[in-house]
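Take a look at the structure set out below.
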Amino acid sequence: MARYTGPKTKISRIFGEPILGNGKWLGKNSNPPGQHGAARKRKTLGEYAVQLKEKQKAKYTYGVLERQFRKTFEEASRIKGVTGENLIKLLEARLDNVVFRLGMVASRPEARQLVAHKHITVNGEIMNVPSYSCKPGDIISYKGKSNDNSAITSKSRGKNPKFGWLDWNDAEKKGTFVTYPERDNVPENIKEQLIVELYSK
């Protein structure tokens, strides 16, 4: 199960945004990473570099590697509608992202681990595939024994009310994927149109 395991602050400094953490060091040190980061001026990026950087940002944000990201893009291009918006909808529908958005854990890497270790069920069935694409009406909850494990459930902080495409029942510790989100409701700072232009070359 490949994933990025390197320093998170380094990635945040590359993009100048806290995409893999709280970004508390960005204010102190907003230089590019590396030994000569402070002395090196940030270059003006060309069109291709800007598009590539946006794709990399999306990949790191959602924890997706290149092959899987391209497959998701190809699926988004086949769906009726705006390809860029479809891409964001499919990324938001990933099970690890839904677990994170429901507030069951504090980060996407934690959500990925929770799913991979078989602590999560979808419609009552154990699902250990983080990339599983949730469908409207899917019910996401803890596995029976996991629901009684305070070490797991104590991380739950409840759903942010601004995520209206999800529903969370705190008493029963389960959530529902109500519908795919509209792009305006997704807070991630990703310019998906640049990704579409990159793959269209």
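The values are calculated or read from the model by the stated rules, or taken from the named source; none is laboratory data. Everything numeric here is computed off the predicted structure, so don't read it as measured data. Neighbour counts are summed over all protein chains in view; Cβ atoms, including those assigned to glycine, are modelled from backbone coordinates with ideal geometry. Calculation scope for accessible area: heavy atoms of the full protein, side chains included, ligands and nucleic acids excluded. Shrake-Rupley method; radii C 1.70, N 1.55, O 1.52, S 1.80 Å.
Taking residue 158 as the residue in question, decide whether it is at pLDDT below 90 and in contact with an Asp or Glu (Cβ under 7 Å, 6 or more places away or on another chain). Working first, answer last.
Working: at pLDDT below 90: yes; in contact with an Asp or Glu (Cβ under 7 Å, 6 or more places away or on another chain): yes.
So residue 158 fits the description; yes.
Checking residue 77 against (1) of a type in the set (Gly, Ala, Ser); (2) open to solvent by 40 Å² or more (accessible area, probe 1.4 Å); (3) at pLDDT below 95, which single condition isn't satisfied?
Failing condition for residue 77: (3).
Go through segment 25-71 and report how many residues are at pLDDT below 70 and not small (Gly, Ala, Ser). Walk me through how you get there before you give the answer.
First, pick out the residues of segment 25-71 that are at pLDDT below 70: 25-43.
From what is left, the residues that are not small (Gly, Ala, Ser) are 25-26, 28-29, 31-33, 35-36, 40-43.
Residues that pass the stated criteria total 13.
Go through (1) of a type in the set (A, V, I, L, M, F, W, C); (2) surrounded by fewer than 19 Cβ atoms within 10 Å (Cβ to Cβ); (3) in a helix (DSSP H, G or I) and name the single condition residue 106 misses.
So residue 106 meets the others, but not (3).
Residues checked against (1) exposed (fewer than 13 other Cβ atoms within 10 Å of the Cβ); (2) assigned to a helix (DSSP H, G or I):
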| position | (1), (2) |
| --- | --- |
| 111 | no, yes |
| 136 | yes, no |
| 151 | yes, yes |
| 201 | yes, no |
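Restricting to segment 43-55, give me the number of residues that are in contact with a Phe, Trp or Tyr (Cβ under 8 Å, 6 or more places away or on another chain) and buried (at least 17 other Cβ atoms within 10 Å of the Cβ). Even if it seems obvious, please write down each step before you answer.
Taking segment 43-55 first, the residues in contact with a Phe, Trp or Tyr (Cβ under 8 Å, 6 or more places away or on another chain) are 53, 55.
Adding the requirement that they be buried (at least 17 other Cβ atoms within 10 Å of the Cβ) leaves 55.
Qualifying residue count for the region: 1.
Mind listing whichever residues of segment 158-177 are part of a loop (DSSP other than H, G, I, E, B), under 17 Å from residue 97 (Cβ atoms) and open to solvent by less than 70 Å² (accessible area, probe 1.4 Å)?
Going through segment 158-177, the residues part of a loop (DSSP other than H, G, I, E, B) turn out to be 158-165, 170-173.
Still in the list and also under 17 Å from residue 97 (Cβ atoms): 158-160, 162-165.
Hits for segment 158-177 are 158, 159, 160, 163, 164, 165.
Any residue at all in segment 142-149 that is buried (at least 18 other Cβ atoms within 10 Å of the Cβ), within 18 Å of residue 107 (Cα to Cα) and in contact (Cβ under 8 Å) with a residue 60 or more places away in the chain?
Checked against the condition, which is being buried (at least 18 other Cβ atoms within 10 Å of the Cβ), within 18 Å of residue 107 (Cα to Cα) and in contact (Cβ under 8 Å) with a residue 60 or more places away in the chain, segment 142-149 yields no hits at all.
Keeping to segment 62-89, report how many residues are farther than 16 Å from residue 193 by Cβ, touching a helix residue (DSSP H, G or I) at 6+ places or on another chain (Cβ under 8 Å) and in contact (Cβ under 8 Å) with a residue 24 or more places away in the chain.
5
Among residues belonging to segment 95-106 that are free of Cβ contacts under 8 Å to residues at least 60 places away in the same chain and touching a Phe, Trp or Tyr at 6+ places or on another chain (Cβ under 7 Å), point out the one that is nearest to residue 119 (Cα to Cα).
As a first pass, look at segment 95-106 and keep what is free of Cβ contacts under 8 Å to residues at least 60 places away in the same chain: 95-97, 99-100, 105-106.
Going one step further and asking which of them are touching a Phe, Trp or Tyr at 6+ places or on another chain (Cβ under 7 Å), we end up with 95, 97.
On the way: 95: 12, 97: 15 Å.
Residue satisfying both the conditions and the ranking: 95.
Within the group 115, 98, which residue is hydrophobic (A, V, I, L, M, F, W, C), touching a Pro at 6+ places or on another chain (Cβ under 8 Å) and either surrounded by fewer than 23 Cβ atoms within 10 Å (Cβ to Cβ) or assigned to a helix (DSSP H, G or I) (or both)? Talk me through it step by step, then tell me what you get.
Details: 98 fails: touching a Pro at 6+ places or on another chain (Cβ under 8 Å).
Result of the check over 115, 98: 115.
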